[in-house]
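Taking it in order: structure first as structure tokens, then the write-up.
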Amino acid sequence: MTEAHLAMPGTQLGDPAKVAAAIIEVAASGRAPLHQLLGSDSYAIAQDRLKALAEDFEASRDLVATTDIQSA
């Protein structure tokens with residue numbers, strides 16, 4: 001992973017100056033979300049991860065309730 005990041009200078013989508021300004025704006029607003037995404041590539045990656053997580057949840061739906069203690 002480190003090698004991949006070291007190979008990126010000048011090829012990444014994000015503009016470091018714009019990222020810095022966005023971070024300052026979010027911090028100053030006092031309304032920063034827990035997970036702030038910056039850059040169109042990060043948004044797409046997060047969307048893919050959310051989709052995979054939702055698929056995992058659905059795949060385990062039938063098994064979830066089978067581990068509960070049965071009430072009398």
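The values are calculated or read from the model by the stated rules, or taken from the named source; none is laboratory data. All values reported here derive from a predicted model rather than from experimental measurement. Ligands, DNA and RNA are stripped out before the accessible areas are found, and what is left, the full protein with its side chains, is counted by its heavy atoms. Shrake-Rupley method; radii C 1.70, N 1.55, O 1.52, S 1.80 Å.
For the stretch 30-52, how many residues meet the condition of being open to solvent by less than 60 Å² (accessible area, probe 1.4 Å) and in a helix (DSSP H, G or I)? Qualifying residue count, the stretch 30-52: 4.
Scanning the stretch 29-44 for residues that are more than 10 Å from the chain's Cα centre (by Cα) and of a type in the set (S, T, N, Q) yields S29, S40. Residues of the stretch 9-29 that are assigned to a loop (DSSP other than H, G, I, E, B) and open to solvent by 70 Å² or more (accessible area, probe 1.4 Å): P9, G10, T11, Q12, L13.
Residues are listed down the side, and each one gets a yes or a no for (1) at pLDDT 85 or above; (2) small (G, A, S):
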{"position": "A4", "(1), (2)": "no, yes"}
{"position": "T11", "(1), (2)": "no, no"}
{"position": "A21", "(1), (2)": "yes, yes"}
{"position": "S42", "(1), (2)": "yes, yes"}
{"position": "K51", "(1), (2)": "yes, no"}
{"position": "D56", "(1), (2)": "yes, no"}
{"position": "V64", "(1), (2)": "yes, no"}
